[in-house]
Ligand code: FES
């Protein structure tokens, strides 16, 4: 979709909100909290969560942290001026709220607030119980302070600033101390923050399916960083065998063989390329699948994952 950047608003240190409207005035597709869009900018494609109220019609708002050490997309975004034309995808949602939850705990680390503030707004509008825990390095890096001060959000929002010392840090064991069947937790932020939340939730006995997370940034190569050897994939529909050499991803090898798998982030984050595995043992390198999904070994993200077995049979 073609959109126009209406406004760029600074909301915290190094964080701007970009307000986008359709270029031809047509309505933008509706979305639910947790959704993201792909944004094409300067040859980059980046995923950004929608941070406006899902009930707001007519505009999409995304919050972008300017990160000079990232791969360049956020720096290119921050260089844009109002009036710029951009291309975006329709909203996709791999991080939806559970509509049956009896209580929802939202845990944001830094720019991870963007999908979670939309969730907080949606839960407030629906009159459902929730709490929001928002951790940043210092108060100047906490975005959306005005919105979070509104009635219905202020009394449910807890801020934690690293700059205020160890006592001001979040006590995850306390926040997550009482799992229940109907309680759901959502975490978004840097990988270290997410891993700490997942560990605390597991330690407190939370069922894995009640703890939802969304990473941003590149997939980690993990323990098998050196195990980038060659293997083969078979396309189940035609039994064609394709070599995946060392240093090439499955998606790249398939593309070289004339087989296109839809991709977006190509970093194992967004889930767009998810593919069923019919046999063989994947070497999961993504940040998208849950531990249970990885253990089942019946799907993989071929933009980054590889194979532990010499052959993977894919449902392609
Ligand atoms: S393209 Fe995003 S996970 Fe593969």
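The values are calculated or read from the model by the stated rules, or taken from the named source; none is laboratory data. All figures in this text were calculated on a predicted structure; none of them were measured in a lab. Cβ placement follows ideal geometry from the backbone for every residue including glycine, while neighbour counts extend to all protein chains displayed.
The set of residues in the stretch 34-43 being under 12 Å from the mean Cα position of the chain (by Cα) and outside any strand (DSSP E or B) consists of 34, 35. Condition test on residue 305, is it under 22 Å from residue 38 (Cβ atoms) and without any contact (Cβ under 8 Å) to a residue 60 or more places away in the chain? Yes: the conditions hold for residue 305. Scanning the stretch 105-164 for residues that are outside any helix (DSSP H, G or I) and without any contact (Cβ under 8 Å) to a residue 24 or more places away in the chain gives 127, 149, 150, 151. Looking across the stretch 272-292, the residues that are within 13 Å of the ligand (Cβ to nearest atom) and under 21 Å from residue 34 (Cβ atoms) come down to 272, 273, 274, 286, 287, 288, 289.
Within the stretch 215-239, the residues that satisfy the criterion of being surrounded by 14 or more Cβ atoms within 10 Å (Cβ to Cβ) and at pLDDT 90 or above are 230, 231, 232, 233, 234, 235, 236. Could you list, in sequence order, the residues of the stretch 293-315 that are more than 14 Å from the ligand (Cβ to nearest atom), under 15 Å from residue 232 (Cα atoms) and surrounded by 14 or more Cβ atoms within 10 Å (Cβ to Cβ)? Result: 307, 308, 309, 312, 313. For the stretch 84-98, indicate whether the set of residues that are buried (at least 17 other Cβ atoms within 10 Å of the Cβ), over 21 Å from residue 47 (Cα atoms) and out of contact with any helix residue (DSSP H, G or I) (no Cβ under 7 Å at 6 or more places or on another chain) is non-empty. The answer is no, given that none of the residues of the stretch 84-98 is buried (at least 17 other Cβ atoms within 10 Å of the Cβ), over 21 Å from residue 47 (Cα atoms) and out of contact with any helix residue (DSSP H, G or I) (no Cβ under 7 Å at 6 or more places or on another chain).
Annotation for the stretch 49-68: at least one member residue is surrounded by fewer than 17 Cβ atoms within 10 Å (Cβ to Cβ), without any contact (Cβ under 8 Å) to a residue 24 or more places away in the chain and farther than 19 Å from residue 117 by Cα.
Of the residues 244, 269, 261, the single one that is within 12 Å of the ligand (Cβ to nearest atom) and in contact with a helix residue (DSSP H, G or I) (Cβ under 7 Å, 6 or more places away or on another chain) is 261. Every listed requirement among (1) touching a strand residue (DSSP E or B) at 6+ places or on another chain (Cβ under 7 Å); (2) within 23 Å of residue 148 (Cα to Cα); (3) surrounded by fewer than 16 Cβ atoms within 10 Å (Cβ to Cβ) is met by residue 108 save one, (3). In this structure, does residue 264 turn out to be in a loop (DSSP other than H, G, I, E, B) and under 20 Å from the mean Cα position of the chain (by Cα)? For residue 264, the condition - in a loop (DSSP other than H, G, I, E, B) and under 20 Å from the mean Cα position of the chain (by Cα) - is met. For the stretch 183-197, the criterion of being surrounded by fewer than 17 Cβ atoms within 10 Å (Cβ to Cβ) and farther than 30 Å from residue 74 by Cα is satisfied by no residue at all.
Out of curiosity, is residue 250 touching a strand residue (DSSP E or B) at 6+ places or on another chain (Cβ under 9 Å), outside the structural domain of residue 189 (by TED's automatic domain parsing), within 13 Å of the ligand (Cβ to nearest atom) and under 22 Å from residue 198 (Cβ atoms)? Spelling it out, it is not the case that residue 250 is touching a strand residue (DSSP E or B) at 6+ places or on another chain (Cβ under 9 Å), outside the structural domain of residue 189 (by TED's automatic domain parsing), within 13 Å of the ligand (Cβ to nearest atom) and under 22 Å from residue 198 (Cβ atoms).
Applying a threshold of 6 Å to beta carbon distances and a minimum spacing of six or more residues, or different chains, the list of pairs starting in the stretch 30-45 at a residue that is farther than 19 Å from residue 4 by Cβ and ending at one that is in a strand (DSSP E or B) and modelled with pLDDT under 90 reads 36/47. Just one residue in the set 49, 70 is in a loop (DSSP other than H, G, I, E, B) and either modelled with pLDDT under 90 or not assigned by TED's automatic domain parsing to the domain that holds residue 116 (or both); that residue is 70.
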